Amino acid sequence: MTHTLKFSLIMAAGLLFSCKEIPITISDPIIPESDRVVLIEELTGASCSNCPKGSATIDNILSRHEGKVVAIGVHGKFLSYPTPKSKYDFRNQKAKELEAWFTGWQGKPSASVNRSVDPSSGLIVQDNPDLWLSGVERELQKPHVMNILLDTKYNTDTRQVDLEIAVIPLTDLPGNYNISIYLTESGIVDAQADGTVIIENFTFKHVLMDMMTKHSGDVLATDLEKNKVIKKNYSYTLPSNVPGLWNAQNMEVIVMVSRSSPTDVSVLQAASVHVIK
């Protein structure tokens, strides 16, 4: 055997035993320390057999980024009708209007993260729950440009909620802006379709009960100036004639400010406060 052949065989053996698959480690994104809060608007429904996965995904995101994300469950029209075992009907006019306002989604569960365009779909709604977390983390990495301060007062006799809002731009923000105000309720136990079965004691969270603004939001201002505070006041009387629902102890007010242009409706900041603090 020639020296050249021996060397070739030794090299081949070395390559054979040294070629190992090296695992690729994907590190978590670096989320900057800021007061930025991201909004998730989930399109869901009691008769949507895939929607428990969406609910679990939302729970995971809220736990993973505690205090940095707020969620709303929109029970509009599609697959939102009660199951045969349901006690409640979560559908309401604002939820139907909001669901119709979101376009391009193909099924439920779907979600919009800060109403920003999802790079994988080119839409502001993503119908794959596995991609919602990455959407949230993209938004959390963006600059924090606005604070929203909230305060509520609740009258137990009249059931009126008085809401005070202070919007504080942290930089000059040209353009038109809307404000949207949602009333949500959690801790509602009722029936939910799950695959081919119905979960009779499913706990619904963040259910959109109504809005204090139009479904698309009310006009806030044009060309926001740095540190120039905008104050708003709203009031709402909680219904008292729906047994089992509209429990003030389990309700939150969620407020968000979004851009308002034909090409950009993204959310700048969100905030939440309990009806009863």
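The values are calculated or read from the model by the stated rules, or taken from the named source; none is laboratory data. Source: prediction; values computed, not measured. Every residue, glycine as well, gets a Cβ built from its backbone with ideal geometry; the counts of neighbours run over all protein chains shown. These accessible areas exclude ligands, DNA and RNA; they are computed on the full protein's heavy atoms, side chains included. Shrake-Rupley method; radii C 1.70, N 1.55, O 1.52, S 1.80 Å.
I'm trying to understand the selection: among the residues of the stretch 179-198, which are over 15 Å from residue 271 (Cβ atoms) and either of a type in the set (A, V, I, L, M) or assigned to a strand (DSSP E or B) (or both)?
First pass over the stretch 179-198, keeping only residues over 15 Å from residue 271 (Cβ atoms): 185-198.
Residues satisfying the conditions are 185, 188, 189, 190, 191, 192, 193, 194, 197, 198.
Criterion first (farther than 24 Å from residue 137 by Cα, small (Gly, Ala, Ser), assigned to a helix (DSSP H, G or I) and at pLDDT 95 or above) does residue 95 satisfy it? I'd like the intermediate steps shown before the answer.
Details: farther than 24 Å from residue 137 by Cα: yes; small (Gly, Ala, Ser): yes; assigned to a helix (DSSP H, G or I): yes; at pLDDT 95 or above: yes.
Yes; evaluated as a whole, the condition is true for this residue.
Here are some residues: 166, 111. Which one is touching a residue at least 12 places away in the same chain (Cβ under 8 Å), open to solvent by less than 70 Å² (accessible area, probe 1.4 Å), within 29 Å of residue 48 (Cα to Cα) and in a strand (DSSP E or B)? Step through it out loud before you land on a result.
Working: 166 fails: within 29 Å of residue 48 (Cα to Cα).
Going through 166, 111 in turn, the sole match is 111.
If you check 170, 208, which single one turns out to be over 19 Å from residue 87 (Cα atoms) and of a type in the set (A, V, I, L, M)? Lay out the reasoning, then the answer.
Details: 208 fails: over 19 Å from residue 87 (Cα atoms).
So the residue among 170, 208 that is over 19 Å from residue 87 (Cα atoms) and of a type in the set (A, V, I, L, M) is 170.
Based on what the data block shows, is residue 148 in contact with a Lys or Arg (Cβ under 7 Å, 6 or more places away or on another chain) and either open to solvent by 10 Å² or more (accessible area, probe 1.4 Å) or closer than 30 Å to residue 231 by Cβ (or both)? Step through it out loud before you land on a result.
Values: in contact with a Lys or Arg (Cβ under 7 Å, 6 or more places away or on another chain): no; either open to solvent by 10 Å² or more (accessible area, probe 1.4 Å) or closer than 30 Å to residue 231 by Cβ (or both): yes.
Spelling it out, it is not the case that residue 148 is in contact with a Lys or Arg (Cβ under 7 Å, 6 or more places away or on another chain) and either open to solvent by 10 Å² or more (accessible area, probe 1.4 Å) or closer than 30 Å to residue 231 by Cβ (or both).
From the list 203, 171, 184, exactly one residue is open to solvent by 20 Å² or more (accessible area, probe 1.4 Å), polar (S, T, N, Q) and touching a residue at least 40 places away in the same chain (Cβ under 8 Å). Which is it? Can you show your working first?
Details: 203 fails: touching a residue at least 40 places away in the same chain (Cβ under 8 Å); 184 fails: open to solvent by 20 Å² or more (accessible area, probe 1.4 Å).
None of the others qualify; the one that does is 171.
How about the stretch 41-78: which of its residues are small (Gly, Ala, Ser) and in a loop (DSSP other than H, G, I, E, B)?
Hits for the stretch 41-78 are 45, 46, 47, 49, 67, 76.
Could you list all residues from the stretch 54-107 that are surrounded by fewer than 18 Cβ atoms within 10 Å (Cβ to Cβ), under 14 Å from the mean Cα position of the chain (by Cα) and among the acidic types (Asp, Glu)?
Correct list: 59, 66.
Enumerate the pairs (first residue in the stretch 134-151 and farther than 19 Å from residue 272 by Cβ and assigned to a loop (DSSP other than H, G, I, E, B); second residue anywhere and open to solvent by 40 Å² or more (accessible area, probe 1.4 Å) and modelled with pLDDT of 95 or more) with beta-carbon separation below 6 Å, excluding pairs fewer than 6 apart on the same chain, so at least 6 apart or on different chains.
That search, which allows pairs on different chains as well, returns nothing.
Scan the stretch 208-222 and tell me whether some residue there is among the polar types (S, T, N, Q) and surrounded by 13 or more Cβ atoms within 10 Å (Cβ to Cβ).
Let us first name the residues in the stretch 208-222 that are among the polar types (S, T, N, Q), namely 213, 216, 222.
Filter again for surrounded by 13 or more Cβ atoms within 10 Å (Cβ to Cβ), leaving 213, 216.
The answer is yes; a qualifying residue exists.
When the stretch 108-144 is examined, which residues are found to be out of contact with any Phe, Trp or Tyr (no Cβ under 6 Å at 6 or more places or on another chain) and either at positive phi or of a type in the set (Val, Ile, Thr) (or both)?
Listed by number, the residues that qualify are 113, 114, 115, 117, 122, 124, 136.
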